[in-house]
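One structure below.
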Ligand code: PMP
């Protein structure tokens with residue numbers, strides 16, 4: 001046995017895969033992806049797919065950039081590993097920290113490195129509590145997050161996240177984390193206008209702060225646009241009200257930039273897009289465009305100063321906090337994103353065009369709403385367009401459309417009955433048109449299957 005059959009068999013017998021029904025996958029066999037270039041991936045049988053999901057929201061720069069491979073090889077030969085614990089630093093890590101500080105909002109100039117977004121959020125959890133301890137307000141322990149948020153799969157990450165299916169496995173969330181309403185107008189807005197609903201959802205934060213006791217609340221954490229929850233773009237009234245509330249009660253604002261960071265919205269950070277003043281920004285994914293695992297927490301100057309001046313030793317870190325190879329790759333990734341004006345192109349061209357293109361799907365009998373910011377997009381599937389009523393078995397139609405699109409060579413994602421798009425930022429117009437054309441075809445075929453007598 002060789003090739004596809006061999007790899008599938010090895011995976012079937014020896015691999016346990018994330019976020020999937022492993023028994024079902026063992027019966028079906030996994031797809032084997034072997035190669036990628038630009039916005040496309042190929043499987044081991046030579047089939048090409050347009051990747052409208054950039055891997056997992058991460059390959060911002062597109063696949064197959066030889067410059068990133070070259071710096072990784074060079075760094076591996078020169079210095080494959082050294083740590084930051086022993087009062088040392090390595091050149092790529094120092095240079096990357098400076099490059100990130102230059103791109104981040106003006107008041108944020110310091111980075112703590114991790115390997116992933118989950119580790120970044122676990123670090124946030126510890127940093128926030130330490131901060132209030134150092135400020136002599138140790139009773140500020142509660143972190144408020146949102147239902148249906150995604151902040152990672154580690155214990156603190158999954159607890160900060162608001163994914164009920166994750167909480168059900170393993171007794172999460174851990175104590176001291178509270179979840180409030182999400183700003184998901186399409187599903188939860190009822191008869192309110194999006195603007196009214198945005199204010200209501202933001203005021204859920206103030207209500208919870210008052211219920212918990214303002215003196216006990218440490219921080220509020222949120223994604224600028226919820227990604228895994230369904231590319232939930234909050235109404236325009238939401239973020240200004242949140243910013244007002246966190247200021248009023250002197251609560252730390254943690255903006256999870258793991259998806260929105262590094263160009264996804266057409267700005268460098270979601271915080272730029274919404275004009276936010278975060279105290280902490282967890283990052284990962286687009287930082288290295290997924291070519292090497294790396295994440296981090298960008299810290300506001302005031303926050304970092306308190307931790308540096310008052311904590312003594314910071315008793316937290318990972319063997320690979322600031323891995324030199326990942327850092328070299330990330331640095332080259334940022335250089336290319338800047339040098340080629342990739343983020344600007346998303347803001348000025350690709351983003352607005354994508355939003356327009358998605359509108360071509362808005363009249364479909366099964367589509368309740370389309371929405372997009374930058375190269376993040378969503379299509380809501382419904383039984384009744386007027387009332388926004390969902391199909392009885394939520395998730396089935398989304399999965400059907402996703403599978404039909406895959407049959408036609410397009411990778412997208414379905415969360416419940418919401419189709420999600422997050423293509424590489426280098427997507428060209430022709431590829432964008434292909435996404436729309438194939439999605440439309442998948443919608444038509446799903447509609448025909450669901451309504452066989454029409
Ligand atoms: N935060 C957000 C907003 C995410 O989307 C993700 C990953 N999808 C994470 C954190 C966790 O990142 P990682 O998978 O790298 O641990």
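The values are calculated or read from the model by the stated rules, or taken from the named source; none is laboratory data. A quick note: this is a predicted structure, and the numbers were derived from the prediction, not measured. Counting neighbours? That spans all protein chains shown, and the Cβs are built from the backbone with ideal geometry, glycine included.
Per-structure values
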{"read-out": "Count of residues meeting criterion [assigned to a helix (DSSP H, G or I) and either touching a residue at least 24 places away in the same chain (Cβ under 8 Å) or in the same structural domain as residue 381 (by TED's automatic domain parsing) (or both)] in the stretch 208-239", "value": "8"}
{"read-out": "Strands (runs of 3 or more DSSP E) lying entirely in the stretch 250-369 (those with 3 or more residues that are at pLDDT 95 or above, touching a helix residue (DSSP H, G or I) at 6+ places or on another chain (Cβ under 8 Å) and closer than 18 Å to residue 114 by Cα)", "value": "280-283, 295-300"}
{"read-out": "Unmet criterion (only one of (1) within 16 Å of the ligand (Cβ to nearest atom); (2) more than 30 Å from residue 379 (Cβ to Cβ)) for residue 206", "value": "(1)"}
{"read-out": "Unique residue being assigned to a strand (DSSP E or B) and at pLDDT 95 or above when the list is 406, 419", "value": "419"}
{"read-out": "Residues of the stretch 326-348 classified as farther than 19 Å from residue 373 by Cβ and buried (at least 22 other Cβ atoms within 10 Å of the Cβ), total", "value": "9"}
{"read-out": "Any chance residue 118 is out of contact with any strand residue (DSSP E or B) (no Cβ under 9 Å at 6 or more places or on another chain), under 15 Å from residue 228 (Cα atoms) and either free of Cβ contacts under 8 Å to residues at least 12 places away in the same chain or near the ligand (Cβ under 10 Å from one of its atoms) (or both)", "value": "no"}
{"read-out": "Selection status of residue 382, buried (at least 19 other Cβ atoms within 10 Å of the Cβ), in contact with a strand residue (DSSP E or B) (Cβ under 8 Å, 6 or more places away or on another chain) and free of Cβ contacts under 8 Å to residues at least 40 places away in the same chain", "value": "yes"}
{"read-out": "Condition broken by residue 57, with the remaining ones in (1) touching a residue at least 12 places away in the same chain (Cβ under 8 Å); (2) in contact with a strand residue (DSSP E or B) (Cβ under 7 Å, 6 or more places away or on another chain) satisfied", "value": "(2)"}
{"read-out": "So residue 56, is it within 25 Å of the chain's Cα centre (by Cα) and not assigned by TED's automatic domain parsing to the domain that holds residue 292", "value": "yes"}
{"read-out": "Residues that are at negative phi and either under 12 Å from the mean Cα position of the chain (by Cα) or near the ligand (Cβ under 10 Å from one of its atoms) (or both), drawn from the stretch 245-263", "value": "255, 256, 257, 258, 259, 260, 261"}
{"read-out": "Any chance residue 393 is surrounded by fewer than 16 Cβ atoms within 10 Å (Cβ to Cβ), assigned by TED's automatic domain parsing to the domain that holds residue 40 and not in a loop (DSSP other than H, G, I, E, B)", "value": "no"}
{"read-out": "Residue list for the stretch 156-166, filter: part of a helix (DSSP H, G or I), buried (at least 22 other Cβ atoms within 10 Å of the Cβ) and within 12 Å of the ligand (Cβ to nearest atom)", "value": "156, 157, 158, 160"}
{"read-out": "In the stretch 53-103, residue nearest to residue 295 (Cα to Cα) [restricted to those that are within 16 Å of the ligand (Cβ to nearest atom) and surrounded by 18 or more Cβ atoms within 10 Å (Cβ to Cβ)]", "value": "58"}
{"read-out": "Unmet requirement for residue 153, which otherwise passes all of (1) surrounded by fewer than 18 Cβ atoms within 10 Å (Cβ to Cβ); (2) away from the ligand (no atom under 16 Å from the Cβ); (3) in a loop (DSSP other than H, G, I, E, B)", "value": "(2)"}
{"read-out": "Residue list for the stretch 145-204, restricted to those being in contact with a helix residue (DSSP H, G or I) (Cβ under 9 Å, 6 or more places away or on another chain), free of Cβ contacts under 8 Å to residues at least 24 places away in the same chain and on the phi > 0 side of the Ramachandran plot", "value": "170, 190"}
{"read-out": "One residue from 270, 266, 351 being surrounded by 17 or more Cβ atoms within 10 Å (Cβ to Cβ) and within 16 Å of the ligand (Cβ to nearest atom)", "value": "270"}
{"read-out": "Residue check for residue 364: in the same structural domain as residue 442 (by TED's automatic domain parsing) and over 24 Å from residue 56 (Cα atoms)", "value": "yes"}
{"read-out": "Condition met for residue 8 (outside the structural domain of residue 407 (by TED's automatic domain parsing), more than 26 Å from the chain's Cα centre (by Cα), crowded, with 18+ Cβ neighbours inside 10 Å and free of Cβ contacts under 8 Å to residues at least 40 places away in the same chain)", "value": "yes"}
